[in-house]
Amino acid sequence: MQNQNQNQVPGTTNMSPNMANQATNHNHGAHEILDSHELIGCLIGVLEHYQLYDQNIQDKELKDILQRQSSFLTQLYNTVVESFSTGKDPSVPTQQYNMQQSNEVTYGLQAGQPKKPKQSVSEFTDECYSSFMLGQTKAACSTFTMAAAEMNNPVLRRVIADSVPNLIEMSYELFLYQNKRGYYQVPQLKEQDMNIMLQAYATSPQQGMH
């Protein structure tokens, strides 16, 4: 007589075929589950904060950046949630974010008024909002990077890892916006000191390569 449990998924008891398939798809470790909740919550936080900033930003260019990033992050959120929930390839794969800022950076420092915390929301400016946005994307980038290094599910790991360059690109776009307007200044070393630092290393011969 054939064993009724012969076709069962190991470690399961009296599971229907649908339940068994679901169990094999949900191959997430506990640590991965917790990291996923953290990064999904991080994405929700970015999108909700962007909604707050959008109401108050005055500069059209910054508003365009916010709306473009918000649209991209919404799709990223949906892709991550689908991959997390199903353990399968998402219906919309990871996209590529392309910033619209030029790569030109202005170097040097100019003296300005000393900074201090604003005392009311009415004092917030586009400099503040662009700084908030940069902080949000940098935090998301760090969260995604740490999580991707310890993901178990191969599909979810790929989605998370492939999203890191996009979050870096968003952060760089915001840095360039701030730099162009003098909000984010970039000091340089003296030319002599810079050259000494640039020439401080030499390449190493490859070892064990045949």
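Read the figures in this text as sums done on the coordinates, not as results from a lab. The structure presented is a predicted model; accordingly, all values stated were derived computationally and were not measured. Here Cβ is always computed from backbone atoms with ideal geometry, including for glycine, and neighbour counts include all displayed protein chains.
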_Sum of side-chain charges, Leu134 neighbourhood, beta-carbon under 13 Å (Lys, Arg +1; Asp, Glu -1)_ = -2
*When N is the residue count of the chain, what does its C-alpha Rg come to as a fraction of 2.2 N^0.38 Å?*
1.41
*Grab the DSSP H runs of the chain that are 4 residues or longer, score each as -39,500 (n - 2.57), total them, divide by all residues and round the 222 nm result to the nearest 500 deg cm²/dmol.*
-19500 deg cm²/dmol
*What is the sum of charges around Gln199, taking Lys and Arg as +1, Asp and Glu as -1, for the other residues whose C-beta is under 15 Å from the C-beta of Gln199?*
-1
*Taking springs between alpha-carbon atoms closer than 10 angstrom, which of Glu169, Glu123, Glu48 fluctuates most in the Gaussian network model of the chain?*
Glu123
*Mean Cα-pair separation over length for the stretch 116-191, i.e. relative contact order, pairs under 8 Å, 6 or more apart, %*: 33
*Lysine pair number, Cα distance threshold 30 Å (strictly under), the stretch 51-187, separation 8 or more or different chains*: 18
*Under 12 Å, Cβ to Cβ, from Leu66 - net charge with Lys/Arg +1 and Asp/Glu -1*: -3
*DSSP loop (so not H, G, I, E, B), at most 13 other Cβ within 10 Å: list which chymotrypsin sites (Phe, Trp or Tyr not before Pro) in the stretch 133-210 pass both filters.*
Tyr201
*Between Asn103 and Ser142, what is the FRET efficiency for a Förster distance of 30 Å, r being their Cβ-Cβ separation, to the nearest 0.05?*
0.85
*Compute the Cα gyration tensor for the stretch 21-93, then decide on rounded, prolate or oblate, letting a ≥ b ≥ c be the square roots of its eigenvalues: rounded whenever a/c is under 1.5, prolate when a/b is larger than b/c in the other cases, and oblate in all that remain.*
prolate
*Taking trypsin sites (Lys or Arg not before Pro) as candidate sites, keep only those in a DSSP loop with at most 11 other Cβ atoms within 10 Å, then name the longest stretch of the chain containing none of them.*
1-114
*asked:* Rounding to the nearest 10 and keeping the result within 0 to 90°, find how far the Cα-based axis of helix 154-180 lies from the longest principal axis of the chain.
replied: 10
_Label-point separation, Lys180 to Glu123 (7 Å along Cα→Cβ), nm_ = 2.8
_Per residue of the stretch 132-141, what does 6.51 cos²θ - 1.76 cosθ + 1.60 with θ = phi - 60° give for ³J(HN,Hα)? Whole Hz please, x for Gly and Pro, Karplus curve as stated._
4, 4, 4, x, 5, 5, 5, 5, 5, 4
*Dipole of the chain, positive direction: furthest Cα of Thr137, Met194, Gln178, with charges on the beta-carbon*: Met194
_Gyration tensor (alpha-carbon) shape descriptor, the stretch 129-210, a/c threshold 1.5_ = oblate
*asked:* Which one, Ser142, Ser163, Ser130, has the greatest fluctuation when you compute a Gaussian network model over the chain with C-alpha springs under 10 angstrom?
replied: Ser142
*Can you give the extra length, in nm with one decimal, that the chain gains between Ser85 and Asn27 once fully stretched, where that is 0.36 nm per residue apart less the Cα-Cα distance?*
19.8 nm
*Along Cα→Cβ, 7 Å out, is where each label goes; now give me the distance between the ones at Thr203 and Leu52 in nm to one decimal.*
5.0
*Rounded to the nearest 10 degrees, what's the angle between the helix 60-86 long axis and the longest principal axis of the chain, both from Cα atoms, 0 to 90?*
20
*Kindly identify the stretch 47-136 as rounded, prolate or oblate by the Cα gyration tensor criterion: order the square roots of the eigenvalues as a ≥ b ≥ c, call it rounded if a/c is under 1.5, otherwise compare a/b with b/c, prolate if a/b is larger, else oblate.*
prolate
*Between the stretch 51-95 and the stretch 131-192, what's the alpha-carbon centroid distance in Å?*
15
*Kirkwood Rh in Å, taken over all unlike Cα pairs in the stretch 80-189*: 16.4
